[in-house]
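S.K.: Take this structure, written in structure tokens, and hold onto it; I'll ask about it next.
The values are calculated or read from the model by the stated rules, or taken from the named source; none is laboratory data. Because the structure is a prediction, the values reported are computed rather than measured. Virtual Cβ from ideal backbone geometry, glycine too; neighbours counted across all protein chains shown.
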Amino acid sequence: MLLAIDTSTGTSVAIVDRDAVSGELRVLAETGTDDTMRHAEVIGGFIRDALDEAGIAPDRLSGVAAGMGPGPFTGLRVGIAAAHAFALGIARPFVPVPSHDAIAWSRYTAGETGPLQVVTDARRREFAVSEYEGLDEAGLPVRVSGPELAPRDALPEPRGIRFEATVVSAGAVGLVAELAYAAGRLPIAADAPLYLRAPDVTPSAGKRVLQ
């Protein structure tokens with residue numbers, strides 16, 4: 001059973017589970033908002049609400065999954081930091097999941113087939129783009145390229161369907177993590193946010209002090 005968090009677009013928090021016997025995947029609770037500006041203000045309340053709705057005490061969780069982007073620097077780091085802190089607090093593993101993989105998995109399990117281009121807003125008149133080829137034998141999305149940045153007016157032509165996502169479901173993030181665990185595929189991503197571009201603010205080089 002996992003707590004899952006994604007702040008690559010809006011803010012989404014979920015509690016998910018995979019039955020060890022039947023393999024049934026379940027989203028026990030999910031809450032969120034498509035507001036792209038208030039991640040830090042709402043994340044704590046959403047975690048509390050998801051746990052309460054699922055009726056799950058933190059010590060029953062087996063780990064914490066987080067969507068690693070791509071996404072804007074400020075919003076993305078809020079969710080990843082919250083997931084890391086929660087995992088540390090309950091002494092459970094942190095599981096990084098590419099957010100585009102969660103989107104692709106949702107589309108394929110909803111009935112999409114064939115090549116799929118996942119697109120999310122990267123701001124500054126750019127999109128983040130990833131290409132997929134379906135699900136593998138473990139039910140995990142097969143990413144063949146990306147994520148990478150592309151100008152909004154010059155997106156690469158999709159080989160199949162293009163899906164522009166405005167929200168990333170934390171439930172999907174968590175269920176991809178559960179499938180990866182069951183298939184012995186962890187980790188499926190590096191523990192590093194997929195910002196795709198450098199942050200606007202960089203550390204100062206400091207002032208030279210004369211002796």
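S.K.: Is it true that residue 79 is modelled with pLDDT of 95 or more, under 16 Å from residue 190 (Cα atoms) and within 18 Å of the chain's Cα centre (by Cα)?
M.R.: Spelling it out, residue 79 is indeed modelled with pLDDT of 95 or more, under 16 Å from residue 190 (Cα atoms) and within 18 Å of the chain's Cα centre (by Cα).
S.K.: Could I ask something else about it? What number of residues in region 25-67 are at pLDDT 95 or above, outside any helix (DSSP H, G or I) and among the basic types (Lys, Arg)?
M.R.: Count: 1.
Let's see how each residue does on (1) of a type outside the set (A, V, I, L, M, F, W, C); (2) in contact (Cβ under 8 Å) with a residue 24 or more places away in the chain; (3) assigned to a strand (DSSP E or B):
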position: 84; (1), (2), (3): yes, no, no
position: 117; (1), (2), (3): yes, yes, yes
position: 130; (1), (2), (3): yes, yes, yes
position: 144; (1), (2), (3): no, no, yes
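S.K.: Just one of the numbered conditions (1) within 24 Å of residue 94 (Cα to Cα); (2) modelled with pLDDT of 95 or more is not true of residue 133; which one?
M.R.: So the condition that residue 133 fails would be (1).
S.K.: Those residues that are among the hydrophobic types (A, V, I, L, M, F, W, C) and surrounded by fewer than 24 Cβ atoms within 10 Å (Cβ to Cβ), I need them from region 81-90; list them, please.
M.R.: Within region 81-90, 81, 82, 85, 86, 87, 88, 90 qualify.
S.K.: Restricting attention to region 2-28, which residues are free of Cβ contacts under 8 Å to residues at least 40 places away in the same chain and not aliphatic (A, V, I, L, M)?
M.R.: 19, 22, 24, 26
S.K.: Among what's in region 29-78 and is touching a residue at least 24 places away in the same chain (Cβ under 8 Å) and among the acidic types (Asp, Glu), pick the residue that is surrounded by the fewest Cβ atoms within 10 Å (Cβ to Cβ).
M.R.: The qualifying residue surrounded by the fewest Cβ atoms within 10 Å (Cβ to Cβ) is 59.
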